[in-house]
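To start, the structure itself, in structure tokens.
Where a number appears in this text, it was derived from the coordinates with a stated rule and is not lab data. It should be emphasised that the depicted structure is a prediction, and the values quoted were computed from it without experimental measurement. Here Cβ is always computed from backbone atoms with ideal geometry, including for glycine, and neighbour counts include all displayed protein chains.
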Amino acid sequence: MIRTVGIVTKPQETKAAQMLRWLIPWLRKRGKKVCVENGLARGAASCNKKMMAARADLIISLGGDGTLLNIAPLVERPEVPILGVNMGGLGFITEVAVDEFESVLSKTLDGDYEVEKRMTLEVQVRGKKGRHKFRVLNDVVIAKGARSRIIDLETYVGDDYLCTYRADGLIISTPTGSTAYSLAAAGPILEPTLGAIVLAPICPHTLTNRPIVVPSNAAIRVTLRSFGDTVILIPDGQQGVRLNNGDKVEARDYGLPVSLIKLPSRSYYDILRQKLKWGER
């Protein structure tokens, strides 16, 4: 049963602020406790994202894909659904439109909803300056700085040596992230419920270095083999960490999926056709 609803949004998003003004009273009228990210609304409990991820029975994301990516990796309970409302641009994972939001939310509160379980990745960085750990829903990107030269990335899939990419970087993506940065790097589009990991090099020097899809139970191990260059690891487009020569990055299935509310009236192929302008029937 949904008793507590958490809401995340962009502080500067005018449309979202307007929506909060009716949404919070609407939820409270239905007997729901409402938790809104710090300082974003009156009439609701204030909490940070970690508290919300731990306490809410339903999380509503008002914004674009980036807003949802801010909260999703913090939710460690697969039974907690996330309802993404698209108030941004392309919006592959925030599939509910503003004009259908109230109807979808009413059904969700009544228990009439479907979810898709989306794979997440655990990413660990081991380097001379310490260790870092991330969970990502879309992807982790290893990228050179604007003025850096091409970088070398020694890459293993499990214990098997794959290659040493000479490129501007490397994208390690989930199926959900296959329509994000990986798509721009000529990566394949995967159905989001598949168990797989995509490796997509960014502008590789060797033209035969193509994106590759590996099983979800594979551990991806990448070692930076470049001196003196600015190289950044960026998880899900969030604040990244700098890598140094010899630093190791390991990515594998996190083991806990994220549950995104899905509209039964809209298939993944409908979303692809609409978002990528493939035309109508």
| remark: Residue-ordered couplings for the range 13-18, obtained by feeding phi - 60° into the Karplus form 6.51 cos²θ - 1.76 cosθ + 1.60 and rounding to whole Hz (Gly and Pro as x), are 7, 5, 4, 5, 4, 5
| field | Gain on full stretching of the segment that runs from residue 159 to residue 79 - 0.36 nm per residue minus C-alpha separation | value | 25.4 nm
| task | State the three equivalent ellipsoid semi-axes of the range 3-52, derived from the C-alpha gyration tensor as the square roots of 5 times its eigenvalues, in descending order and whole Å. | result | 16, 14, 7
| request: Could you work out how far apart the two model spin labels at residue 272 and residue 117 are, taking each label as a point 7 Å from the Cα in the direction of the beta carbon, and quote it in nm? | output: 2.2
| field | Rotationally averaged projected area of the chain (alpha carbon convex hull; nm²) | value | 15.8
| message | Taking the alpha-carbon distance from residue 129 and a cut-off under 17 Å, which lysines remain once sequence neighbours fewer than 8 residues away in the same chain are dropped? | response | 248
| Binned at 5 Å from 0, what are the whole-percent values of the Cα-Cα distance distribution for the range 1-147, short to long? | 2, 9, 18, 22, 20, 13, 7, 5, 3, 2, 0, 0
| request: Sequence neighbours fewer than 8 away in the same chain don't count; with that in mind, list the lysines whose C-alpha is under 25 Å from residue 50. | output: 10, 15, 32, 33, 117, 133, 262
| request: Output the Cα-based Rg and Dmax of the range 137-210 in Å, rounding Rg to one decimal and Dmax to a whole number. | output: 12.3, 38
| message | Compute for the range 36-93: radius of gyration divided by Kirkwood radius, i.e. Rg/Rh, restricted to C-alpha atoms, rounded to two decimals. | response | 0.96
| field | P(r) tail fraction, the range 181-281 - alpha-carbon pairs more than 19 Å apart, % | value | 61
| What's the center-to-center distance, using Cα atoms, between the range 16-32 and the range 231-247 in Å? | 38
| remark: Within the range 238-276, the residues whose backbone N lies under 14 Å from a label point placed 7 Å from the Cα of residue 212 along the Cα-to-Cβ direction are none
| said: Based on DSSP loop calls and a cut-off of at most 14 other Cβ atoms within 10 Å, the longest stretch of the chain free of exposed GluC sites (Glu not before Pro) is what? | reply: 80-279
| message | Over the range 88-156, what is the relative contact order in percent, taking alpha-carbon pairs closer than 8 angstrom and at least six residues apart? | response | 17
| said: I'd like to know how the range 88-223 sits against the 2.2 N^0.38 Å rule of thumb: what's its Cα Rg over that expected value? | reply: 1.24
